[in-house]
Amino acid sequence: AVKCCSKSQGKAEEEWSILNMAHPTDESFAHRQQVFRFHHVFDEEDSQLDIYEDACVDLMDACLQGSNGTILAYGQTGSGKTHTILGDVDAHGCISEQSGILPRVISELFDFKARRANNHVVICLSILEIYNDNIHDLL
């Protein structure tokens with residue numbers, strides 16, 4: 001998985017890694033170069049918690065302050081997207097070491113709502129799957 005992001009104000013250029021890509025076989029892409037900026041690539045050594053903390057915690061904080069956010073898992077079949085997003089829960093349905101991003105996000109949302117029991121809190125969440133150009137609402 002790759003966490004791509006745009007450069008924020010205050011970040012020095014050397015803090016970013018740049019991945020330049022051109023389509024290897026299609027000549028119609030030969031004149032265009034795509035630039036992706038990213039600051040971390042996860043591998044099989046990273047735990048579910050590592051991925052959540054690095055890729056989601058800041059986004060969740062911003063969302064809980066009123067911003068919109070998107071978590072996108074992208075990659076070829078069998079690359080681990082479903083495992084990263086869903087993971088697993090323990091026998092009681094609680095967050096475990098193997099829990100993915102979605103159970104952790106939902107847990108954080110309900111913890112936030114519980115901490116604000118005296119306030120009106122509206123939580124909007126969409127979970128979509130895009131596969132072979134078809135969009136499926138997973139809720």
If a residue must be of a type in the set (Val, Ile, Thr) and in a helix (DSSP H, G or I), how many such residues does segment 93-139 contain? 3
Residue count for segment 42-87, restricted to those that are under 15 Å from Pro103 (Cα atoms), touching a strand residue (DSSP E or B) at 6+ places or on another chain (Cβ under 8 Å) and not hydrophobic (A, V, I, L, M, F, W, C): 3
Yes or no: Leu59 open to solvent by 40 Å² or more (accessible area, probe 1.4 Å) and closer than 18 Å to Leu139 by Cβ? no
Output the qualifying pairs, or none if there are none: Cβ atoms under 6 angstrom, residues six or more apart or on different chains, first residue in segment 86-109 and more than 24 Å from Glu45 (Cβ to Cβ), second residue surrounded by fewer than 15 Cβ atoms within 10 Å (Cβ to Cβ). Leu109/Ile123
Among what's in segment 114-139 and is closer than 22 Å to Ala55 by Cα and without any contact (Cβ under 8 Å) to a residue 12 or more places away in the chain, pick the residue that is surrounded by the most Cβ atoms within 10 Å (Cβ to Cβ). Glu129
Could you go through segment 89-96 and let me know if any residue there is at pLDDT 90 or above and either farther than 26 Å from Ile130 by Cβ or surrounded by 11 or more Cβ atoms within 10 Å (Cβ to Cβ) (or both). yes
When segment 76-92 is checked residue by residue, the ones that are out of contact with any Ser or Thr (no Cβ under 9 Å at 6 or more places or on another chain) and outside any helix (DSSP H, G or I) are Gln76, Thr77, Gly78, Ser79, Gly80, Ala91, His92
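The values are calculated or read from the model by the stated rules, or taken from the named source; none is laboratory data. Just so you know, these numbers come straight off a predicted model, no measurement behind them. Cβ: placed from backbone, ideal geometry, glycine included. Neighbour counts: every protein chain shown. SASA here: full protein model, heavy atoms, side chains in, ligands and nucleic acids out. Shrake-Rupley method; radii C 1.70, N 1.55, O 1.52, S 1.80 Å.
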